[in-house]
Amino acid sequence: MSEESMAEAFVLVLAGEGEGAVLEANWRAALALTRSEKVFVLCSAEREAVVLEFTPGLLSENVVLQPDDRGTAPALALAMVHMGLAGATTHDPVLVLRGELPPP
């Protein structure tokens, strides 16, 4: 990936109940694709401390807490709003990684 395209990519990691080591591997994979300020992690409030432990350098404002257990789609929409507030546009690519699965 070129430096220019790297600057435009946003990555969203869905952090479920998986092991921290897998989440950390996805964090490293995301950093290989883009800058840390363009990586967001979606998780429950209960998982926030684990997320911050296994994603060194993640901006705390880039942790998006799922408001209630209302399903994945509303939580993804909330995460996209957070990305938009951080400067994402409809032309920016967004890669979604499941934080409980090993990176592709």
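The values are calculated or read from the model by the stated rules, or taken from the named source; none is laboratory data. Treat the numbers as computed from the prediction; the structure is a model and nothing was measured. Please note: Cβ atoms are built from the backbone with ideal geometry, for glycine as well, and neighbour counts cover all protein chains shown. Only protein heavy atoms, including side chains, enter the accessible area calculation; ligands, DNA and RNA are left aside. Shrake-Rupley method; radii C 1.70, N 1.55, O 1.52, S 1.80 Å.
Here are the numbers:
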item: Extreme residue, farthest from residue 100 (Cα to Cα), among residues of region 15-28 that are modelled with pLDDT of 90 or more and open to solvent by 30 Å² or more (accessible area, probe 1.4 Å); result: 28
item: Residue among 67, 56, 103 that alone is open to solvent by 20 Å² or more (accessible area, probe 1.4 Å) and touching a residue at least 60 places away in the same chain (Cβ under 8 Å); result: 103
item: Number of the exception - residue 48 against (1) crowded, with 18+ Cβ neighbours inside 10 Å; (2) without any contact (Cβ under 8 Å) to a residue 24 or more places away in the chain; result: (1)
item: Condition check for residue 97: open to solvent by less than 50 Å² (accessible area, probe 1.4 Å), closer than 17 Å to residue 27 by Cα, of a type in the set (A, V, I, L, M, F, W, C) and at pLDDT below 90; result: yes
item: Residue check for residue 1: open to solvent by 80 Å² or more (accessible area, probe 1.4 Å), modelled with pLDDT under 90 and of a type in the set (A, V, I, L, M, F, W, C); result: yes
